[in-house]
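Report on one structure; see the data block that follows.
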Amino acid sequence: VMTIKAARQLGKSTFQAARALLISTSMPYFSTLFIFPLYEQVNRFSTQYVSKFIEESPIRDAWVGQGTNNSVLTKSFKNFSKMTFSFAGLSADRIRGISANSACFDEVQDLDHRLLPTIAEVLSHSLITDPRTGNQIHAKFFMFTGTPKSMENLLEQQWQQSSMGEWEIPCVCGKSNYPAM
């Protein structure tokens, strides 16, 4: 589980898109589900981040081509990995039945914490191949990113369950900046 709680415009969505794309294109048959509160967020993330990375990549042809999907809600790759994009602002019903190895939540501060157990079931049958042994192992990868709006939301709940590590940003003036201070 990785939880990133950060201010606006710091690259959380860019990080999520790049990380998931690298994993998907390097691990055959890997499935990632992205969950947002609203469809508008799904559309923006899928088209402006993930599709843009794919289209502008110098190795695009190694990733996608004939037989792969590049729709707003699904992206698939030559190595049979895929990304699915959905939203669950009011209900987790549209996510039921999806099977994935990784669940990536963005704008998680706006998701209802009561939906998390239902959504987490998408990883209940997650198997990946251990590259060292070739054995199938159960693996579940969660990522939560968002911008804090209050102390009473899913982002804060996940943050409190994490190591609560903080990044130090060194300044050219010689001082250290800690975003939480």
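Considering every residue within the range 22-37, establish whether at least one is of a type in the set (Gly, Ala, Ser) and open to solvent by 60 Å² or more (accessible area, probe 1.4 Å).
First, the residues of the range 22-37 that are of a type in the set (Gly, Ala, Ser): 24, 26, 31.
Then drop every residue that is not open to solvent by 60 Å² or more (accessible area, probe 1.4 Å), which leaves 26.
Within the range 22-37 (the criterion being of a type in the set (Gly, Ala, Ser) and open to solvent by 60 Å² or more (accessible area, probe 1.4 Å)), the answer is yes, since at least one residue qualifies.
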> strands (runs of 3 or more DSSP E) wholly in the range 90-155 with at least 1 residues that are free of Cβ contacts under 8 Å to residues at least 12 places away in the same chain and acidic (Asp, Glu) - which ones?
Replying inline: none
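Has the range 53-60 got at least one residue that is over 18 Å from ALA18 (Cα atoms), of a type in the set (Ser, Thr, Tyr) and either more than 15 Å from the chain's Cα centre (by Cα) or not in a helix (DSSP H, G or I) (or both)? Let's see the steps before the verdict.
First pass over the range 53-60, keeping only residues over 18 Å from ALA18 (Cα atoms): none.
Within the range 53-60, none of the residues are over 18 Å from ALA18 (Cα atoms), of a type in the set (Ser, Thr, Tyr) and either more than 15 Å from the chain's Cα centre (by Cα) or not in a helix (DSSP H, G or I) (or both).
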>> Need the failing condition index for ILE137 against (1) at pLDDT below 85; (2) surrounded by 11 or more Cβ atoms within 10 Å (Cβ to Cβ), just the number.
In response: (2)
> Restricting attention to the range 85-106, and to residues there that are surrounded by 21 or more Cβ atoms within 10 Å (Cβ to Cβ) and of a type outside the set (A, V, I, L, M, F, W, C), which single residue is farthest from GLN158 (Cα to Cα)?
Replying inline: ASN101
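Just a yes or no: is a residue in the range 57-69 touching a Leu at 6+ places or on another chain (Cβ under 6 Å) and without any contact (Cβ under 8 Å) to a residue 12 or more places away in the chain? Can you show your working first?
In the first step, residues of the range 57-69 are kept if they are touching a Leu at 6+ places or on another chain (Cβ under 6 Å); the result is none.
No, because not a single residue in the range 57-69 is touching a Leu at 6+ places or on another chain (Cβ under 6 Å) and without any contact (Cβ under 8 Å) to a residue 12 or more places away in the chain.
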> Residue check: is CYS173 over 30 Å from THR47 (Cβ atoms) and at pLDDT 85 or above?
Replying inline: yes
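The values are calculated or read from the model by the stated rules, or taken from the named source; none is laboratory data. Just so we're clear, the structure is a prediction, and the values are computed from it rather than from any experiment. Please note: Cβ atoms are built from the backbone with ideal geometry, for glycine as well, and neighbour counts cover all protein chains shown. Surface accessibility is based on the protein's heavy atoms, side chains included, excluding ligands, DNA and RNA. Shrake-Rupley method; radii C 1.70, N 1.55, O 1.52, S 1.80 Å.
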